[in-house]
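Remarks on the structure that follows.
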Amino acid sequence: HLKPLIRYPHGCIEQTTSTTRPLLALGKLIPSLDPELIADGDLEKKVMHGVDRIFRMQTPSGGFAYWPGGDEPVAWGSAYALHMLLDAKKLEYSVQSQVFSIK
C-alpha cells in the first residue's frame, strides 16, 4: 500500500506531506519495498524536495497554505506539515528552525 502513497500525483499540503512522511519513517526499508523509487540512490534528495515544497506553502503568519504561494493558512494542513517537519528535523534533515517559532 506504500507505492501509491509515495507517488501521490498532486502537490497540495496534504499530498506533499503524505508523500514525504513514508520516506522519513521507512527510509531504510524503501529499497526492498520500491527499489525504483530510489534507483538514483538519493533518498535524502527526495525527502528534501518534499520539505522544500512544504516551505513554499508557508504563509507570512507562519502557517501553511493548501498550495504553494497561498496566503491563507489551513489549520489541519499546518499541523500535519509541522508534524512531518518535526520528524525530519529529528532525523537530522536540514529543516529551517524558524518554522518552529511562534509569531
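Just a few scattered comments:
- When 41, 62 are checked against the criterion of being outside any helix (DSSP H, G or I) and at pLDDT 85 or above, a single residue qualifies: 62.
- Of the residues making up segment 47-59, just one is crowded, with 20+ Cβ neighbours inside 10 Å and in a loop (DSSP other than H, G, I, E, B), namely 57.
- Residue within segment 73-92 that is at pLDDT 95 or above, assigned to a loop (DSSP other than H, G, I, E, B), out of contact with any Cys (no Cβ under 7 Å at 6 or more places or on another chain) and surrounded by 13 or more Cβ atoms within 10 Å (Cβ to Cβ) present: yes
- Whenever a residue of segment 80-95 is on the phi < 0 side of the Ramachandran plot, its partners that are charged (D, E, K, R) and at pLDDT below 95, lying with C-beta atoms within less than 8 angstrom and at least six residues away or across chains, give the pairs 80/14; 84/21; 87/21; 93/44; 95/89.
- Looking only at residues of segment 1-15 that are at pLDDT 70 or above and open to solvent by 10 Å² or more (accessible area, probe 1.4 Å), we find that the one that is nearest to residue 77 (Cα to Cα) is 14.
The values are calculated or read from the model by the stated rules, or taken from the named source; none is laboratory data. Treat the numbers as computed from the prediction; the structure is a model and nothing was measured. Every residue, glycine among them, receives a Cβ derived from its backbone with ideal geometry; neighbour counts consider all protein chains shown. Just so you know, the surface numbers come from the protein's heavy atoms only, side chains and all, with ligands and any DNA or RNA stripped out. Shrake-Rupley method; radii C 1.70, N 1.55, O 1.52, S 1.80 Å.
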